[in-house]
1. Taking the radius of gyration and the Kirkwood hydrodynamic radius from Cα positions alone, what is the Rg/Rh ratio for the range 1-145, to two decimal places?
2. What 222 nm value per residue comes from the helices of the chain, counting each DSSP H run with n ≥ 4 as -39,500 (n - 2.57) and dividing by all residues, nearest 500 deg cm²/dmol?
3. Which residues' amide hydrogens lie under 5 Å from the amide hydrogen of Leu2, considering only partners 5 or more residues apart or on another chain, with H built in the peptide plane?
4. Considering the values [x] 1.24; [y] 1.04; [z] 0.97, which represents Cα Rg over 2.2 N^0.38 Å as calculated for the structure under consideration?
5. At 1.4 Å probe size, with no ligands or nucleic acids counted, give the accessible surface of Met137 in Å², nearest ten.
6. What is the log10 of I(q)/I(0) for the range 193-271, computed with the Debye formula using one identical point scatterer on each Cα and no solvent, at q = 0.13, 0.24, 0.27 Å⁻¹?
7. What ³J(HN,Hα) values, in whole Hz, does the Karplus curve 6.51 cos²θ - 1.76 cosθ + 1.60 give for the range 156-162 when θ = phi - 60°, with x put for Gly and Pro?
8. Over the range 246-287, what number does the Rg to Rh ratio reach, with both radii from the alpha-carbon atoms and Rh per Kirkwood?
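The values are calculated or read from the model by the stated rules, or taken from the named source; none is laboratory data. As the structure is a computational prediction, the values presented were derived from the model and not from experiment. Virtual Cβ from ideal backbone geometry, glycine too; neighbours counted across all protein chains shown. Side chains are part of the model used for accessible areas, which takes the heavy atoms of the whole protein and leaves out ligands, DNA and RNA. Shrake-Rupley method; radii C 1.70, N 1.55, O 1.52, S 1.80 Å.
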Amino acid sequence: MLELMNITKKYGDFTAVNNLSLNIDDGEVFGLLGPNGAGKSTIVSMISTVISPTSGEIKVDNKLLREEPIQIKKVMGIVPQDIALYDTLSAKDNLEFFGCLYGLKGKKLKERVSEILKIIELEDRKNQTVGEFSGGMKRRVNIGVALMNNPKLLILDEPTVGIDPQSRNHILETVKKLNKERGMTVIYTSHYMEEVEYLCKRVAIVDHGKLIALGTKEELKKNSQSKDKLTVTYTKASKEALEKVKNVAGTEKVRISNNQISLLVDQRKRNIINVVEDIRNLGINLSSFKYEEVNLESIFLQITGKSLRD
């Protein structure tokens, strides 16, 4: 569905995106992650034809973007970070207005508006002006606008910023449903790692304009050598036994405090259950243990670093 071929974008001496290549399959929900200033918005802007790359090619639906931009826009829907609606118009009027820009009219336009209002679950509020809506409702209308042309490729750039949990959940479920029932290809950018982990099969992490990691969560975990966390609670243990815990095979960063032992485990080397048995065999009486698989946020921080950026 989408192919980026050695894309570079420069602003004078500053390189926002540096020789980036990427393939996104038809029907895939794909996550695009990166710290602030990493180049995500520039990438999205180039794909959505807002700006042109300095060099390289973009292909959407087997068409070169520089050769057929109008045809490509017809199969693409964009949900920008900032709300792009007319506050003085109703939800229905906003959808109709943007539908007209897509070339819809008459009965076809009305049918499409009705269908979108059902998808975003605002049928009962369709005649209310958008300026009276909550942030979550505005976000839903924004997504509705992007769906008016029934796109093959839907790009959502931070679609859940600053909204309530119910609206956030509705947006996530809508994206999942569109992909499952319509086979829609989705590019999803977010700073909420749990959203990307929930929706996306594959993830690209960009930093300083470069692609630094690509794959499924399992592949990223393997390549970054991230570790899972094991925490065991004990009722009785000698000082000698606790000291020996630090030498259990396949573990590192052992911490002992308040009758708890926490450590990191590389499951490629040792199974969690075997580690628990090793600790028990040291003569430590265990009352419980808790296993936490490394999540996407931990992988992201390990790959990009933990320091904040402006």
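1. Numbers: Rg = 17.5 Å, Rh = 17.1 Å.
Here the Rg-to-Rh quotient is 1.03.
2. On the way: 11 runs with 109 residues, N = 310.
Theoretical 222 nm ellipticity from helices: -10500 deg cm²/dmol.
3. Ile24, Asp61
4. Correct label, based on the coordinates given: [x].
5. 20 Å²
6. -0.58, -1.10, -1.25
7. 10, 9, 6, x, 10, 5, x
8. Details: Rg = 10.0 Å, Rh = 10.7 Å.
Here the Rg-to-Rh quotient is 0.93.
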